[in-house]
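Below is one structure, written out as structure tokens, with a few remarks after it.
The values are calculated or read from the model by the stated rules, or taken from the named source; none is laboratory data. If you're wondering where the values come from, they're calculated on a predicted model, not measured in any experiment. So basically every Cβ, Gly included, is an ideal-geometry build from the backbone, and we count neighbours across all protein chains shown. What goes into the accessible areas is simple: the full protein's heavy atoms, side chains included, and nothing from ligands, DNA or RNA. Shrake-Rupley method; radii C 1.70, N 1.55, O 1.52, S 1.80 Å.
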Amino acid sequence: MLANEILAEYRHLMLAIEQRQLPVIDKVASIAAESIAAGGSLYIHDRGHLLNFELFHRSGGLALLKSLQMATAVEEGEQGEINAAEQTVSQSALREGDVLILGSVSGRASSVVELAMQARKQGVITVALTAMDYTSQTPSLHPSGKRLFEACDYIFDIMTLKGDAALGVEGLEEKILPTSGITSAVVGWCFVAQLIENMLRRGVVPSVYRSVSMPNGKEQIEATDARFKELGY
């Protein structure tokens, strides 16, 4: 069954993440926990298919996560994307010492590279969530020639291979079934897990959501949002 084959591929990638990515995930989580304890913020911007939704307002997730939305480009082409990224950072609430996770599977887009470069100028700690096998074989669209991982302070490798689709199937010209959505979610939640661990180690108790479908779920969510607004975490 093809389903068995893709599950085997997912298991292989999960093991690779466990063996090769947890140390840097924990390191960045420690840095983020220190920033949050000092009044900083944690932002996420994702050009991919998942993290702009997966990590936010979820049962067991954190209220402190903030989404950085790209400003609308008013010009066409790469310069339009660059100008939009500059505007996004200049008009955002990003401050020195904040942490910004930037997701892009191929890491080649001008907008996300420029976001990283502009954020670093502001003293923001930047993290590339990208697929190193893919991006290392893909030319950048940014005028600098840099890809996302080359513009950031830290790298979370989601382990997806070039092209993303995982399985070759007889009778089809193209490979099928992408892996980047699954691996991005796993890396993202592993980071959240280590962020919680590092915050608790510092005596900082994060605000955690309950499922709206659980007893008193709506009330708990409202209380969680109020607690985050008061404490910042």
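Before moving on, here are some points about what is shown:
- With each label modelled as a point 7 angstrom along the Cα→C-beta vector, the LEU15-GLU173 pair spans 3.5 nm.
- Given [x] 178; [y] 146; [z] 160, the label whose value is volume of the Cα convex hull per residue in Å³ derived from this model: [y]
- Solvent exposure, largest accessible area first (probe 1.4 Å, DNA, RNA and ligands not counted), of TYR43, TYR233: TYR233, TYR43
- Near GLN137: Cβ cut-off under 11 Å, other residues only, Lys/Arg at +1 and Asp/Glu at -1. The net charge is +2.
- Sites count as exposed loop sites when they are GluC sites (Glu not before Pro), lie in a DSSP loop, and have at most 13 other Cβ atoms within 10 angstrom; the longest stretch of the chain without one is 1-74.
- Counted charge near ARG58, where neighbours are those whose Cβ lies closer than 14 Å (Asp, Glu -1; Lys, Arg +1): -1
- Accessible-area order (highest first, 1.4 angstrom probe) of the listed residues CYS152, CYS190: CYS190, CYS152
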